[in-house]
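The values are calculated or read from the model by the stated rules, or taken from the named source; none is laboratory data. Computed from a prediction, not measured in an experiment: that's the story for all the values here. Here the Cβ positions follow ideal geometry from the backbone for every residue, glycine too, while neighbour counts run over all protein chains shown.
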Amino acid sequence: MQKLIKRAIKEQLDDNYTSKIKVDLYIEGVEEDVEYTPNAIVRYRIDMEHRSWGIKDISISIIDPIDIDYRVEGATKDETLRVDIGELLASGVATESWMVGNSYSVEGIDIYLNNDRTIKSVGLDLNYAKPYGA
């Protein structure tokens, strides 16, 4: 319990948060089963832009790259995929999908690879809090 309280205080002080998110991985042209870690730990930052009348905008930025271990059925070794969300968003390879939730948070990630295991596209699932009374 004490550890959770310290973590909550630290998160509130520096606006950095950590969540366990759902991972979905798809590889183009691969018909064999792909085993992969279904969850990943992601660190993100929540930034708010304020005005005199209130909050103008809230954004979520992923801080660290995410590593996903996977293995295609019949392969002799595991492979690791490093996904740098910030870089992929800047280059237009990744897109954000916002859904109504109970909080501002990162919910999941969908990763699509080309047949040569390069990243084709990434979808980041984010939650936003619905305003009270709306």
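Brief remarks follow.
- Going through (1) hydrophobic (A, V, I, L, M, F, W, C); (2) surrounded by 13 or more Cβ atoms within 10 Å (Cβ to Cβ); (3) under 15 Å from the mean Cα position of the chain (by Cα) one by one, M99 falls short only on (2).
- Residue match in the stretch 103-118 (condition: loosely packed, with under 13 Cβ neighbours inside 10 Å, over 18 Å from V34 (Cα atoms) and not β-branched (V, I, T)): yes
- Filter result (under 19 Å from the mean Cα position of the chain (by Cα), modelled with pLDDT of 90 or more and in a strand (DSSP E or B)) within the stretch 46-75: I66, D67, I68, D69, Y70
- Selection over the stretch 93-133 of residues that are in contact with a helix residue (DSSP H, G or I) (Cβ under 9 Å, 6 or more places away or on another chain), over 17 Å from T18 (Cβ atoms) and aliphatic (A, V, I, L, M) gives a count of 4.
- Check on E73, farther than 14 Å from L113 by Cβ, of a type outside the set (K, R) and loosely packed, with under 10 Cβ neighbours inside 10 Å: no
- The one condition in (1) assigned to a helix (DSSP H, G or I); (2) farther than 19 Å from E107 by Cβ that R82 fails to fulfil: (1)
- Taken over the stretch 25-36, the residue count meeting the criterion of being outside any strand (DSSP E or B) and surrounded by 13 or more Cβ atoms within 10 Å (Cβ to Cβ) is 1.
- Across the stretch 119-134, the qualifying residues are those that are of a type in the set (G, A, S) and either assigned to a loop (DSSP other than H, G, I, E, B) or surrounded by 15 or more Cβ atoms within 10 Å (Cβ to Cβ) (or both), and the one among them that is modelled with the highest pLDDT is S121.
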